[in-house]
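Novice: Just dropping this structure here.
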Amino acid sequence: MRLGFKIIEMFEYTAESIKRLKGLEGVRKRPAMYIGDVGKKGFHHLAFEIIDNAIDEVLARYANYVKITIHKDGSISVEDNGRGIPVDIHPETNTPAIEVVFMELHAGGKFENSVYKISGGLHGVGASVVNALSEWTDVLVKRNNKTYKIKFSKGKKVEDLKVISDAKDTGTIVRFKPDPEIFTEYPKLEFDYEYLADRLREISFLVPQVRIELVDEITNKKQVFHSPEGLKDFIKYLDITRKHITPIFLTTFISNSSEFMEVEIALCYNDSYDEVIVSFVNTVNTKEGGTHVTGFKSSLTRSINDIGRKMNLIKKEPLQGDDVREGLTAIIHAKLSNPIFEGQTKIKLANDSVKSFIEKEFYERFSRWLEENPKIAQIIIEKALENQRARLAARKAREAVRRKNFIESDVLPGKLADCITKEKEISELFIVEGESAGGSAKQGRNREFQAILPLKGKILNVEKKGLDKALDNEELRSIISAIGCGIKDSCKPEESRYGKIIIMTDADIDGAHIRTLLLTLFYRYFYNLIEAGMLYIAQPPLYRIQKAKTIKYAYSDEELHKILKEFKDDNVIIQRYKGLGEMNPEQLWETTMNPETRILKRVTVEDAAQAERWLSVCMGLDVAPRKEFIEKYALSIKDLDI
């Protein structure tokens, strides 16, 4: 019997097969390994690497000023008044130390605690990666009463270090232009002023001693970031639309152990139902929290329960974490000499010692503050008790949304047209605006893997209502029941009945409003689904263009004009879709639902602190900040995504 093996040519695998990338060639070969991607985020990551180096000088108490300038030639410069990068000869390489910093990975002062006790750029790859991925990099150093200059290009030195003038002070200026050969997914190749401003503002809150200036030579925009009250200013910034019901509590404590730990925590209670906890380690936003957040949460709950019992306000069932955190805005900034992160993204802290340190120190300080301010303590405890009552009243409603109940009883919403498959990975739930559009979607869908849940009118704005009121809303309950993965802290993406949840609304103002309401709901109640990358927005077309038997769809006015230019003559029929319900089932399938031809936008939360602020501004109770936002951005904004 002959076996059907396919014969392949064998190549010799020897030492010659191993390619050794010299210098920074590996960075240029695999840039995403070092900066995340080669799109807008990675492009700006280069600037943040150099900015972080300047801020490290501030944290080390050698600088207090940083200036970032966006230049007309597409480059950006970062200047600080720190010590200046060393220019003396490195004993191991026999070359100026500045060459080592910009030409070798894992070289710098970040690995020696005597140089930088704490640092945001922990891996020591920042400057060299910027050099590797830039068309050119110029560095000026003021040190030793002289100004030095050196130039690099694409990871290599192109001009030797030389003295160009005398200098009275010290500091460093790094100017570079990202290499267009690298950033192929960001054809704009321009630094975004607002994108940089958001991060610089955040840094100014975390490092109150620094004055940061941002200048855009292209638009002549200029801004100075300086927040002398630090985290207190940060709290006020986040809570711009919320009414504070307590003063801001701020505390800082430092460890006496050999491992350096300094933790600063600010918190305040407001009249909203939101829980906002933003955490950082060495100015890096730990979006997924970690041990510093866990320690804070447990000690906060324990201190409020203990003082509540002492004041005879808590008599039976103790308060839970959700009870004491509703209406809380808190910021945690841990400064550590040796932080340990889960994975390579540096967004979740793993140091166990930090958890126990915060549990002890924060508990003592916050408990003392509550004891010394009994009126404030009473306000906090009464709000938590109110939250507890709402939680207990909503317990049955929350139980009803658990996935196991869907198996045990028929509690799926009646208007849900479910799909046939039970394979979550391929199943999709379309949340559709309106009964008419829902009818078209039900007829046009692929029943095998696509489920349709039509909504009647605009859903509740959960930013303005508590959990108990929200669960009284029929449309909202239908969404919670259909997804079936629980809500808030109990939201478990792995228990969702669908792998994709797709928001499908009309391409008009009303549709945008409903989409924003739904995004608010998902941010507040299903945040874990967003983090898991399971929430999407469908992109229905604005126009149907037909010439003879040729039909095309345009998703924007620009695309419409492009298609009309292709058709050239006037014998063209243009249909403007006012809503999804105007499409017949076949058109809706082909343009918006067919996986082969549709366009979906995945919803992500790049910066939790900014998302919290703008969600509060756009959807909260206070009208004045929303009016200011609209006046500022109305002419420039195209899409408002969370």
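Taken together, the values in this text are just the output of simple stated rules run on the coordinates, not laboratory data. In this text the structure is predicted, and so the values were computed from the model without any measurement. Backbone-built Cβ (ideal geometry, glycine too); neighbour counts: all protein chains shown.
Novice: Under a 5 Å amide H to amide H cut-off, with H placed in plane at 1.01 Å, what residues pair with ILE277 once short-range neighbours are removed?
Specialist: ALA330
Novice: How charged is the neighbourhood of ASP271? Take every other residue with its Cβ under 9 Å from the Cβ of ASP271, and add Lys/Arg as +1 and Asp/Glu as -1.
Specialist: +3
Novice: If packing is taken as the average count of other Cβ atoms within 10 Å, what order do 442-450, 552-560 fall into, highest mean first?
Specialist: Result, highest mean first: 442-450, 552-560.
Novice: Right, next: Treat the count of other C-beta atoms within 10 Å as a stand-in for reagent exposure and order ILE502, ILE573 from fewest to most.
Specialist: Ordered from fewest to most neighbouring Cβ atoms within 10 Å, ILE502, ILE573 come out as ILE573, ILE502.
Novice: May I ask you to derive the FRET efficiency for LYS568 and GLN539 from their Cβ-Cβ distance with R0 = 25 Å, giving the value to the nearest 0.05?
Specialist: 0.40
Novice: While we're looking at this one, here's another question. All other residues with a Cβ under 13 Å from the Cβ of LYS578 taken together, and with Lys, Arg as +1 and Asp, Glu as -1, what is their net charge?
Specialist: Net charge in that neighbourhood comes out at -3.
Novice: Now a separate question. What list of ³J(HN,Hα) values in whole Hz, one per residue of the range 513-528 in order, does the Karplus curve 6.51 cos²θ - 1.76 cosθ + 1.60 (θ = phi - 60°) give from phi, with Gly and Pro shown as x?
Specialist: 5, 5, 4, 5, 4, 5, 5, 4, 4, 5, 5, 7, 10, 10, 4, 5
Novice: If you don't mind, there's one more thing I want to ask. Quick one: what are the phi-derived ³J(HN,Hα) couplings along the range 245-255, Karplus 6.51/-1.76/1.60 with θ = phi - 60°, whole Hz, x for glycine and proline?
Specialist: 10, 9, x, 7, 9, 10, 9, 9, 9, 10, 6
Novice: Given the Cα-Cα distance of ASN94 and ILE551 and 0.36 nm per residue of separation, how much length would full extension add, in nm?
Specialist: Fully extending the segment from ASN94 to ILE551 adds 157.7 nm.
Novice: Give me the one-decimal nm value for the distance between modelled label points at GLU317 and LEU189, 7 Å along each residue's Cα-to-Cβ direction.
Specialist: Label-label distance for GLU317 and LEU189, simple model: 6.2 nm.
Novice: Now for a separate question. List, in order, the whole-Hz ³J(HN,Hα) value for each residue of the range 286-299 obtained from phi through the Karplus relation with A = 6.51, B = -1.76, C = 1.60 and θ = phi - 60°; use x for Gly and Pro.
Specialist: 8, 4, 9, x, x, 5, 5, 6, 4, x, 5, 4, 5, 6
Novice: While we're looking at this one, here's another question. So if each residue of separation counts as 0.36 nm, and I subtract the Cα-Cα distance between THR294 and LYS72, what length gain in nm does that give?
Specialist: Here the segment from THR294 to LYS72 would lengthen by 75.4 nm.
Novice: Sort THR172, THR421 so that the residue with the fewest other Cβ atoms within 10 Å of its own Cβ comes first and the one with the most comes last.
Specialist: Lowest count first: THR421, THR172.
Novice: What relative contact order, as a whole-number percentage, does the range 25-225 give when Cα pairs under 8 Å and 6 or more residues apart are counted?
Specialist: This gives 25 percent for the range 25-225.
Novice: Could you line up ASP506, ASP271 from fewest to most neighbouring Cβ atoms inside 10 Å?
Specialist: Ranked by crowding around the Cβ, least crowded first: ASP271, ASP506.
Novice: Here's another thing I want to ask about it. Between ILE340 and residues 5 or more places away or on another chain, which pairs have amide H atoms under 5 Å apart, with H built 1.01 Å from N, and which residues are they?
Specialist: ALA350, ASN351
Novice: Starting from 0.36 nm per residue, how many nanometres of slack lie between ILE376 and LEU392 once their C-alpha separation is accounted for?
Specialist: 3.3 nm
Novice: Over all directions, what mean area does the Cα convex hull of the range 412-541 project, stated in square nanometres?
Specialist: Result: 7.5 nm².
Novice: Okay, next question. Based on the Cβ-Cβ distance from ARG61 to ASN220, what FRET efficiency comes out when R0 is 30 Å, to the nearest 0.05?
Specialist: Result of the calculation: an efficiency of 0.35.
Novice: Once R0 is set to 45 Å, what does the formula 1/(1 + (r/R0)^6) return for the Cβ-Cβ distance between ASN338 and ASP271, expressed as a FRET efficiency to the nearest 0.05?
Specialist: The computed FRET efficiency comes out at 0.65.
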